[in-house]
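To start, the structure under review is shown below, and the notes come after it.
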Amino acid sequence: MKTMTCQQLGGPCDCPHQGTTADAVIKAQDRHLKEMVANGDVTHESASKEMKGRWRSPIKGMGWYRQAKRDFAALPES
Ligand SMILES: [Zn+2]
């Protein structure tokens, strides 16, 4: 199990996401961004838009995704 924060994944807060794979924490961040925006949090709006843009343009998003995977792999197990 590893932990990445919202901030490490391009967001504005230090909310931690735990998962055994990079995909799991990326999905958790995606959910977190949507939830925060749905609750009226404006600080997460730009990160949420960026995340949506990544899914829409896979080639551009892939660089970010690979970097997130590398960052996740470099983290110590907790
Ligand atoms: Zn956040």
| note | Cβ-Cβ cut-off under 11 Å around THR21, Lys and Arg +1, Asp and Glu -1: the net charge is +2
| query | Among rounded, prolate and oblate, which fits region 37-78 when a ≥ b ≥ c are the square roots of the eigenvalues of its C-alpha gyration tensor, a/c under 1.5 means rounded, and a/b larger than b/c means prolate? | reply | oblate
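For ALA73, what charge total do you get from the other residues with a beta carbon under 15 Å from its beta carbon, if Lys and Arg give +1 and Asp and Glu give -1?
On the way: positive: LYS2, ARG66, LYS69, ARG70; negative: ASP23, ASP71, GLU77.
Neighbour charge sum, excluding ALA73 itself: +1.
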| note | Checked the chain with the C-alpha gyration tensor, a ≥ b ≥ c its square-rooted eigenvalues, rounded below a/c of 1.5, otherwise prolate if a/b is larger than b/c and oblate if not; verdict oblate
| query | Under the rule of -39500 (n - 2.57) per DSSP H run of 4 or more residues, summed and divided by the residues of the chain, what mean residue ellipticity at 222 nm is obtained, to the nearest 500 deg cm²/dmol? | reply | -19500 deg cm²/dmol
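All of the numbers you see were taken from the coordinates with simple rules; none came from a lab. Predicted model only: the values in this text are computed from it and were never measured. No Cβ is skipped: glycine too gets one built from the backbone with ideal geometry, and neighbour counts run over all protein chains shown.
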